[in-house]
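Read the figures in this text as sums done on the coordinates, not as results from a lab. Values in this document were obtained by computation on a predicted structure and should not be read as measured data. Positions of Cβ are generated from backbone atoms using ideal geometry, with glycine treated the same way; all protein chains shown enter the neighbour counts.
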Amino acid sequence: MLAVCRHCSKCKVNRPRGLCWSCYYTPGVKDQYPSTSKYARRGVGNFSGNAPIPDAPTTAAPGSPEKLAVLEQRAKLKQALFHPADAKYAGDPRPLEFLRNRAAVAV
């Protein structure tokens, strides 16, 4: 059985994502179809481009369940996973200093 293009259903498939050559290189069409490769990245946070830095750092220590929850939330919001002022160890004062400085600037 000959596979046909998922978009136009006319030409035979010869590009990734189950598309023909012309559909694959037509702007916007490739983005409508997810990768069919078993090696493709999938899941939360799989997006391309530059991610914005989160609004606030976290005081959660690396590896803690709280930090993992923060990372998961940031991935869902398509933000950068790490803020420059995130805590590097338990009790790190940098996140609180960052928030104090930001509050002082806002006043």
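Observations on the structure shown:
- Loop-located chymotrypsin sites (Phe, Trp or Tyr not before Pro) in the range 4-107 (DSSP state not H, G, I, E or B) with no more than 10 neighbouring Cβ atoms inside 10 Å: TYR39, PHE47, TYR89.
- Against the main long axis of the alpha-carbon atoms of the chain, helix 94-106 sits at an angle near 90°.
- Structure-derived log10 I(q)/I(0) by the Debye sum over Cα atoms at q = 0.11, 0.16, 0.17 Å⁻¹ - corresponding label in (1) -0.56, -0.78, -0.83; (2) -0.83, -0.89, -0.92; (3) -0.44, -0.70, -0.77: (1)
- Mean residue ellipticity (222 nm) of the chain, computed from DSSP H runs ≥ 4 via -39,500 (n - 2.57), nearest 500: -8000 deg cm²/dmol
- To the nearest ten degrees, helix 65-76 and the longest principal axis of the Cα atoms of the chain are 40 degrees apart.
- Sparsely packed trypsin sites (Lys or Arg not before Pro) within the range 11-105, loop by DSSP, other Cβ within 10 Å at most 16: LYS38, ARG41, ARG42, LYS78, LYS88
- Sequence-distant residues sharing a close amide H with SER35 (under 5 Å, placed H): none
- Under 5 Å, built H, 5+ apart or other chain: amide partners of VAL13: ALA3, VAL4, CYS5
- Length added when fully stretched, ASN50-ALA104, from 0.36 nm per residue minus Cα-Cα: 16.6 nm
- Relative contact order of the range 1-104, pairs being alpha-carbon contacts under 8 Å that are 6 or more residues apart, as %: 19 percent
- Here the gap between SER64 and SER9, fully extended at 0.36 nm per residue and compared with their Cα-Cα distance, gives a gain of 14.8 nm.
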